[in-house]
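The values are calculated or read from the model by the stated rules, or taken from the named source; none is laboratory data. Everything quoted here is computed from the prediction, not taken from an experiment. No Cβ is skipped: glycine too gets one built from the backbone with ideal geometry, and neighbour counts run over all protein chains shown. We work out accessible area using only protein heavy atoms, side chains counted, and drop any ligands, DNA or RNA first. Shrake-Rupley method; radii C 1.70, N 1.55, O 1.52, S 1.80 Å.
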Amino acid sequence: GCIAEHLRQAGFEITAGQIAIDGLQTAVIRDKDGVWRYPMSEPATPKAPQGGAGDRADVGQGAEKPPLAWRIAGLRIGGESYLTTADALNPDMVAPRLRIEKLDIGALGSDQPMRDTPFDIVLRPDEFSEFVVSGEVRPLAPELYIDAKGHLHGFAMQAFNGLIANDLGHRFVNGQLDDDFSIRIEDNRLQMNNA
């Protein structure tokens, strides 16, 4: 906190080269209320000023200081990295553990939230199946934006029971899914094609 404050006052910003994460273990979980959650630590909530005699002179001058600007040239996740899913509403769902074979995200910057950022993702539940998607996204924008194409090949139908069984009225016992798709979300509108 103190270092960031001094850097901010001096007009510095943080720029990093590509960040590589090797051996990431993460999960996506739907709880019993039907809310999808991504386990991660919560940010600490800022403390309110105490108003003591030792407070700094600039407190109460009106404008808040802008946050420290940051940029990274890219993010890459690889190695023995996995994404696990769990669905508390469907405990008998076959929950795949997807190996993150490739996850590349292009440049990001806190001062450019509307910048189109390229991404390329390859996930594998086993050696014969894959989920591949690539395109552009704006992960820091206030509204979701994505323009991507990809495919699912060789996915076990049972893995999707937790997502669609309630809508279809029956469950899959066996079979596999192949799907080539494109997706675009912009201005709160979804356009999607599946084959």
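Within the range 73-100, can you find the residues that are over 30 Å from residue 171 (Cα atoms), assigned to a strand (DSSP E or B) and modelled with pLDDT under 85?
78
Kindly check whether there is at least one residue in the range 95-105 that is of a type in the set (A, V, I, L, M), over 24 Å from residue 30 (Cα atoms) and surrounded by fewer than 16 Cβ atoms within 10 Å (Cβ to Cβ). First the steps, then the outcome.
Pass one, the range 95-105, residues of a type in the set (A, V, I, L, M): 95, 98, 100, 103, 105.
Filter once more, so that each one left must be over 24 Å from residue 30 (Cα atoms): 105.
From what is left, the residues that are surrounded by fewer than 16 Cβ atoms within 10 Å (Cβ to Cβ) are none.
Among the residues of the range 95-105, not one is of a type in the set (A, V, I, L, M), over 24 Å from residue 30 (Cα atoms) and surrounded by fewer than 16 Cβ atoms within 10 Å (Cβ to Cβ), which makes the answer no.
Filter the range 114-167 down to the residues that are more than 19 Å from residue 181 (Cα to Cα), within 16 Å of the chain's Cα centre (by Cα) and aliphatic (A, V, I, L, M) and list them by number.
Listed by number, the residues that qualify are 140, 141.
Can you pull out the strands (runs of 3 or more DSSP E) entirely within the range 107-195 that have at least 3 residues that are farther than 23 Å from residue 83 by Cα, touching a Phe, Trp or Tyr at 6+ places or on another chain (Cβ under 8 Å) and open to solvent by 40 Å² or more (accessible area, probe 1.4 Å)? Before the answer, list the steps.
On the way: elements: 117-124, 130-137, 146-156, 176-186, 189-194.
Filter on the range 107-195 gives 189-194.
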